[in-house]
Amino acid sequence: MTQPTLKLRYVLEFDDLLELLARAPALRRLRNRAIRNAVTALLLLWGSLIWVATVGPRSTTWPPAVFFALVFTRYARRALAFSSPWTIRRQARRIWRRSPKMQQEHDTEIGPHGLVIRTPGVISTYDWTQFSAFHETNRQFILLNKSGKATIHIPKQALSSPALVADCRDLLTHCLADNPPGGTEPVDR
């Protein structure tokens, strides 16, 4: 049985870009590191307060502990600020303003031989061997390259009916099944 070719026409929305940036692995790692540093800072401060209470304020070991706790706290605050929803929204807005190509109409063909994206003046062709997997979110399908980075995103709003979402998922699953490593990632709903 041959797989059908899906043809989509859409203009990307700001929320698609925002969702893509919010799910970026680099931000997730930054946020996790900030949480670990915040916990370390709290433990250092708590330990130094206990040390001062038991040994006395004349001890020479508590000032370095307080200094390191303040450094960890400063780093955790900055990292959490960089990964906050407001900062991500500001970054998405900056990318959206600087990339007028994103706001143009896209004609996309998803078929068994590859992916073709047409924008005014540009035709991009991608073979399925360039992708290792896809990730599905509430708003879009995100194709990941061999290193696991998001490369292409296909908004679900471009599909004319909800039944085509399942067809698109099946087509992507079938086309990417022969491209190790990976397969598909779990569906996030």
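When T108 is tested against (1) touching a Ser or Thr at 6+ places or on another chain (Cβ under 9 Å); (2) under 18 Å from D167 (Cβ atoms), only condition (1) is not met. Restricted to strands (runs of 3 or more DSSP E) entirely inside segment 42-150, those with at least 1 residues that are hydrophobic (A, V, I, L, M, F, W, C) and either within 22 Å of the chain's Cα centre (by Cα) or modelled with pLDDT under 75 (or both) are 114-119, 131-136, 140-145.
In segment 3-30, the residues that are among the hydrophobic types (A, V, I, L, M, F, W, C) reach residues that are at pLDDT 70 or above and open to solvent by 70 Å² or more (accessible area, probe 1.4 Å) with C-beta atoms within less than 6 angstrom, at least six apart or across chains, in these pairs: V11/E105. Restricting the first member to segment 95-110 and to residues that are farther than 18 Å from L20 by Cβ, and the second to residues that are open to solvent by 80 Å² or more (accessible area, probe 1.4 Å) and charged (D, E, K, R), the beta-carbon pairs closer than 6 Å and six or more apart or on different chains are D107/R9; D107/R118; E109/K7. Of all the residues that make up segment 172-189, how many are surrounded by fewer than 17 Cβ atoms within 10 Å (Cβ to Cβ) and modelled with pLDDT of 85 or more? Final tally of qualifying residues: 2.
Collect the residues in segment 104-136 that are surrounded by 13 or more Cβ atoms within 10 Å (Cβ to Cβ), more than 17 Å from T5 (Cα to Cα) and out of contact with any His (no Cβ under 7 Å at 6 or more places or on another chain), keeping them in residue-number order. Residues satisfying the conditions are Q104, Q130, F131, S132, A133, F134, H135, E136. Flag set for I142, criterion: buried (at least 17 other Cβ atoms within 10 Å of the Cβ) and hydrophobic (A, V, I, L, M, F, W, C). Beta carbons closer than 6 Å, at least 6 apart along the sequence or on distinct chains, pair a first residue in segment 157-171 that is surrounded by 18 or more Cβ atoms within 10 Å (Cβ to Cβ) with a second that is assigned to a loop (DSSP other than H, G, I, E, B) for L171/Q3.
The values are calculated or read from the model by the stated rules, or taken from the named source; none is laboratory data. Keep in mind it's a predicted model, so treat the numbers as computed, not measured. Cβ: placed from backbone, ideal geometry, glycine included. Neighbour counts: every protein chain shown. Surface accessibility is based on the protein's heavy atoms, side chains included, excluding ligands, DNA and RNA. Shrake-Rupley method; radii C 1.70, N 1.55, O 1.52, S 1.80 Å.
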